[in-house]
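Written out below as structure tokens is the structure these notes cover.
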Amino acid sequence: MITFTYQPALRPALPCVYGPLDYREQRTLFQRIDSILSASGLEEEFITLILAEREIDTGSATAARLERFAKYSVLALRTNIARNLTGLDYRDFATRLADSPLLQWFLRVGEMGSIKAFSKSTCDRFSRWASEQTVRDINEKLTALLAATDPPSEQAETPATSFGLAEPIQFDDIYFDSTCIKADIHFPIDWVLLRDAARTLMKATTLIRKHGLKHRMPQEPLAFLSDMNTLCMKMTAKSHAADGRKHRKKVLREMKDLEKRIAAHARAHVTILKTRRAETNLTEPQAQLIITRIDHVLDQLPAAVKQAHERIIGGRRVANEDKILSLYDDQINVIKRGKAGAQVEFGNKLWLGETREGVIVDYQFYQDNPSDTALIKPALERLVDRQQLVIGNVWGDRGLASKPNTAHLEKRGIGNGLCPRNVNELADKLTNHQGFREGLKRRAATEGRIGIFKNVFLGRRLLVKGFEHRQLAVGWAVLTHNLWVVVRMAEAEKKRKEDQEQKVGMAATRAA
């Protein structure tokens with residue numbers, strides 16, 4: 001058992017600001033989340049998980065080191081929550097933090113007599129302070145607190161009551177759905193990938209030449225990039241002409257020849273950098289970063305050229321699993337959802353499960369693109385077997401219904417609220433199964449929950465690169481979303497009590 005002591009720094013009280021309603025609501029939101037984090041033990045749990053994750057021996061570590069580590073762990077936790085709530089990027093968040101007493105108070109950087117705000121780089125490091133599994137453990141810890149029906153001691157309240165809720169969250173009904181989290185890439189047009197390769201190779205080559213390492217070239221690197229851009233414009237010049245296909249084939253052949261020359265010059269400069277780095281003021285990590293950037297594109301370039309050749313010159317289709325969608329992120333899938341404005345999306349599938357109150361109790365971010373029908377069983381394993389939640393009914397759209405899912409729900413004794421694919425079976429359930437119609441109406445609101453989660457807490461498009469980073473960002477967004485939902489529920493309960501007390505007071509006044 002890891003033991004440590006953590007004493008938060010003394011922070012000044014929030015200034016009294018008579019601002020607009022939006023500010024007062026945000027201030028209340030941060031104050032309530034601060035209360036939840038402090039009173040629930042989530043901060044201590046987070047520190048414990050990080051210590052175990054990094055294998056820090058608390059017995060041999062000094063008290064000062066543990067104190068410092070705990071301080072920065074809590075700061076990372078609160079920073080990620082605050083940044084998701086504000087929807088700011090690293091640079092804007094760091095700027096606002098230096099000027100916002102509310103954020104300084106929430107992050108505990110505004111100590112007595114000084115304010116120690118951090119930079120955008122530190123904010124970026126905080127986003128990767130914990131692993132995806134640690135963030136998932138914290139999310140499950142919050143779910144367990146919301147579900148607890150027994151207080152920790154005879155005098156204490158249940159965790160949900162201490163958060164301001166009327167009663168613990170019920171998990172009788174769980175509503176599942178999936179969506180696509182789009183990657184931060186442009187539409188993957190084959191010849192535009194060749195333009196991307198040329199841009200990366202020539203900009204990296206320019207960087208090498210600026211440090212005095214040069215190899216003979218007929219023109220400057222950026223001139224090659226200009227030539228490639230000219231060919232890109234020629235590619236689209238006759239898109240609707242009768243001879244458009246013949247024209248595109250001709251231009252692509254020119255692009256392939258130009259790409260070969262660009263790759264040769266980039267490869268020559270990489271060789272020079274590897275052998276003569278000592279002649280420059282580049283450090284070994286800096287030089288390695290440039291080399292990795294060029295090699296990463298050169299390794300994919302033959303496949304990208306072949307893909308463009310097959311589709312434009314050969315007129316042959318390329319299987320989705322063989323397509324290169326981006327030179328900078330290879331962990332992206334083609335997801336066909338057939339929705340208005342998004343027939344095909346490029347990114348990763350996200351699976352969400354929420355309660356009737358809107359708390360996200362299950363989530364999974366997939367590197368591949370599994371069928372929705374295959375996601376019910378692992379979701380129940382996470383909820384029932386891992387988190388020990390008692391589930392009454394599972395609801396979902398037609399994409400989740402299947403005979404194996406029906407049999408699995410019957411085996412677990414869980415009500416089947418999945419919308420049947422068969423129209424006659426659907427009509428029968430709507431008519432004869434009590435509560436089925438109301439359950440499907442509530443399930444439709446899950447679409448809105450997904451929209452809120454994607455557009456508000458994740459941003460319309462995740463800007464982080466790499467599957468692991470996107471997966472971690474989803475975990476932080478789930479934690480922030482659930483805290484936001486709990487605060488909204490607590491505020492609604494507070495208003496309900498105030499209205500009830502006002503009615504009682506008015507009735508007593510009339511009776512007097």
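The values are calculated or read from the model by the stated rules, or taken from the named source; none is laboratory data. These numbers come from a predicted model, not from an experiment. Cβ coordinates were reconstructed from backbone atoms using ideal geometry, including for glycine residues, and neighbour counts include every protein chain displayed. Remember, those area values only see protein heavy atoms, side chains included, never the ligands or the DNA or RNA. Shrake-Rupley method; radii C 1.70, N 1.55, O 1.52, S 1.80 Å.
Observations, loosely collected:
- Potential extension, Arg317-Glu53 segment - 0.36 nm per residue separation minus Cα distance: 90.5 nm
- Carbon + sulfur, % of accessible area of segment 77-143 - ligands and nucleic acids excluded, 1.4 Å: 47 percent
- Nearest-0.05 FRET efficiency for Asp385 and Thr149, computed from C-beta distance (R0 22 Å): 0.65
- Applying the criteria of a DSSP loop state and at most 11 other Cβ atoms within 10 Å to the trypsin sites (Lys or Arg not before Pro) of segment 422-465 yields Arg460.
- With R₀ set to 41 Å, the beta-carbon distance separating Thr373 from Lys503 gives a calculated FRET efficiency near 0.25.
- Whole-angstrom gap from segment 311-368 to segment 257-302, using each part's C-alpha centre: 32 Å
- Solvent-accessible surface of segment 148-212, averaged per residue with a 1.4 angstrom probe and all protein chains in place: 43 square angstrom.
- Fraction of antiparallel bridges per DSSP, the chain only, in percent to nearest 5: 75 percent
- A crude spin-label estimate for the pair Ser38 and Glu410, with each label 7 Å from Cα along the Cβ direction, gives 5.4 nm.
- Computed label-point distance, nm, for sites Asp330 and Glu310 using a 7 Å Cα→Cβ extension: 1.5 nm
- Take the convex hull of the alpha carbons in segment 283-353; its mean projected area over all directions comes to 7.8 nm².
- Each Cα pair of segment 32-151 feeds into the Kirkwood radius, which the Stokes-Einstein equation turns, at 25 °C and 0.890 mPa s, into a diffusion coefficient of 159 µm²/s.
- Cross-link pairs Lys274/Lys306; Lys441/Lys494; Lys182/Lys465; Lys249/Lys336; Lys349/Lys429 - those with Cα-Cα distance over 18 Å: Lys274/Lys306; Lys441/Lys494; Lys249/Lys336; Lys349/Lys429
- Near Asn229: Cβ cut-off under 11 Å, other residues only, Lys/Arg at +1 and Asp/Glu at -1. The net charge is +2.
- When the residues Ser402, Ser371 are ordered by accessible surface, computed with a 1.4 Å probe over the protein chains alone, the sequence from largest down reads Ser371, Ser402.
- Modelled label positions at Glu491 and Ala511, each set 7 Å beyond Cα in the direction of Cβ, lie 3.4 nm from each other.
- By average C-beta atoms within 10 angstrom, highest first, the peptides 76-86, 55-65, 165-175: 76-86, 165-175, 55-65
- Full-extension gain in nm, Ala444 to Arg276, via 0.36 nm per residue minus C-alpha separation: 54.2 nm
- Note on segment 404-512: the C-alpha convex hull projects to 12.7 nm² when averaged across all orientations.
- Of the peptides 480-489, 119-128, the order by per-residue mean of other Cβ atoms within 10 Å, starting with the highest, comes out as 480-489, 119-128.
- In the chain, helical runs assigned H by DSSP with n ≥ 4 each contribute -39500 (n - 2.57); averaged across all residues and rounded to the nearest 500, the mean residue ellipticity at 222 nm is -18000 deg cm²/dmol.
- Here the alpha carbons of segment 97-201 define both size measures, Rg and Dmax, at 22.7, 69 Å.
- In this Cβ point-charge picture (+1 for Lys and Arg, -1 for Asp and Glu), segment 96-211 has a dipole of about 1500 debye about its Cα centre.
- R0 of 45 Å, Cβ-Cβ distance Thr230-Ser121: FRET efficiency to nearest 0.05: 0.75
- Reciprocal of mean inverse Cα separation for segment 189-287 (Kirkwood radius, Å): 14.7 Å
- When only Cα pairs below 8 angstrom with a gap of at least 6 residues are kept, the chain shows a relative contact order of 19 percent.
- Mean Cβ neighbour count within 10 Å, used as a protection proxy, ranking 417-424, 304-311, 20-27 highest first: 304-311, 417-424, 20-27
- As a size descriptor, the averaged projected area of the C-alpha convex hull of the chain was calculated at 36.0 nm².
- Taking the accessible area of segment 191-322, probe 1.4 Å, and keeping the other protein chains in place, the carbon and sulfur fraction comes to 51%.
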